[in-house]
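The values are calculated or read from the model by the stated rules, or taken from the named source; none is laboratory data. Just so it is clear, the model here is predicted, and its values are computed rather than measured. With ideal geometry, Cβ positions are generated from the backbone for all residues, glycine too; neighbour counts draw on all protein chains shown.
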Ligand code: GLU
């Protein structure tokens, strides 16, 4: 039976697929398959300067070797620039976003540290943008709490004006900011369920705020624990750390499954297809919020 579920995995092509991204991919694919849902692959390649050569191709080949199967064609952020510009114009037209010419250095002089980076002090809020060559576009925030449920962490809330400040949706170098691109993408792809790493938890209120201003639905969110290195830092593709070996998918899949605190898989697992057949049945997201007892019912939310 098909349910109203569309999930996605959205790697940035900044290096090889590493164990941390594999864990995110496993969680989102298993959750989608457990719910008989669709699952899409989107390559977040809008930020061309950060792109590593050959990374998209290598990530796609590795995902295939690991038995991931996505519905429809691969989506590419680089092909959606017009859609992002339309959303930016709409927000500007409604007075919800404004041009900003402050440099990072100017902001650092006066701003206070916030939840993530400096809190923009609103210097350009009243500037009309006249004569701007290279301006960024910032989203006007309000001091109303933006709050959204999360299937693992419970609830994510932020007072955006106080904790984050007016944030950039279009960068001065002409690139759409991640926060806006991801919101437009998830809308265009009808994404109903986002399962991703906890490093994006703090971005979620900004994304929900944008969805509400643009009149888009908000997906169900689940933020999974991050894989950290021995120093306690998030492992990242750019460091080239912990790449996974496409020639030996099963050990890494089992390790990701264990990291996600899932119940052991049953039946002989000879290849990746056996792994996913069993994983789709066994997956239970509740173990990640310490509620394994709620897994008896396979129809978990
Ligand atoms: N492309 C983002 C990343 O690799 C993930 C985007 C998302 O899942 O919302 O960190």
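Odds and ends about this structure:
- Tally of residues being touching a strand residue (DSSP E or B) at 6+ places or on another chain (Cβ under 7 Å), assigned to a loop (DSSP other than H, G, I, E, B) and closer than 21 Å to residue 145 by Cβ across the stretch 109-120: 2
- Single residue of 126, 155, 196, 206 found to be farther than 30 Å from residue 99 by Cβ and either in contact with a helix residue (DSSP H, G or I) (Cβ under 6 Å, 6 or more places away or on another chain) or in a loop (DSSP other than H, G, I, E, B) (or both): 196
- Identity of the residue in the stretch 186-206, out of contact with any strand residue (DSSP E or B) (no Cβ under 6 Å at 6 or more places or on another chain) and more than 8 Å from the ligand (Cβ to nearest atom), that ends up farthest from residue 160 (Cα to Cα): 188
- Some residue of the stretch 169-185 being in a strand (DSSP E or B), modelled with pLDDT of 95 or more and away from the ligand (no atom under 14 Å from the Cβ): yes
- Qualifying residue in the stretch 218-230 (condition: surrounded by fewer than 22 Cβ atoms within 10 Å (Cβ to Cβ) and within 15 Å of residue 115 (Cβ to Cβ)): no
- Top-ranked residue in the stretch 215-234 [being part of a loop (DSSP other than H, G, I, E, B) and in contact with a strand residue (DSSP E or B) (Cβ under 6 Å, 6 or more places away or on another chain); ranked as nearest to residue 153 (Cα to Cα)]: 226
- Test for residue 87: is it surrounded by 15 or more Cβ atoms within 10 Å (Cβ to Cβ) and within 14 Å of the ligand (Cβ to nearest atom): no
- Pairs where the first residue, in the stretch 36-47, is in a loop (DSSP other than H, G, I, E, B) and the second is at pLDDT 95 or above and within 11 Å of the ligand (Cβ to nearest atom), C-beta under 6 Å, 6+ apart: 37/7; 44/10; 44/12; 44/77; 45/13; 45/77; 46/77; 46/181
- Residue within the stretch 98-114 that is on the phi > 0 side of the Ramachandran plot and at pLDDT below 95 present: no
- Leading residue by the ranking (surrounded by the fewest Cβ atoms within 10 Å (Cβ to Cβ)) among those in the stretch 5-48 that are within 10 Å of the ligand (Cβ to nearest atom) and over 14 Å from the mean Cα position of the chain (by Cα): 14
- All conditions but one from (1) surrounded by fewer than 18 Cβ atoms within 10 Å (Cβ to Cβ); (2) more than 18 Å from the chain's Cα centre (by Cα); (3) in a helix (DSSP H, G or I) apply to residue 212; the one that does not is (2).
- The C-beta contact set for the stretch 126-137 (first residue modelled with pLDDT under 85, second residue in a loop (DSSP other than H, G, I, E, B) and exposed (fewer than 14 other Cβ atoms within 10 Å of the Cβ), distance under 9 angstrom, 6+ apart or interchain) comprises 134/173; 134/174.
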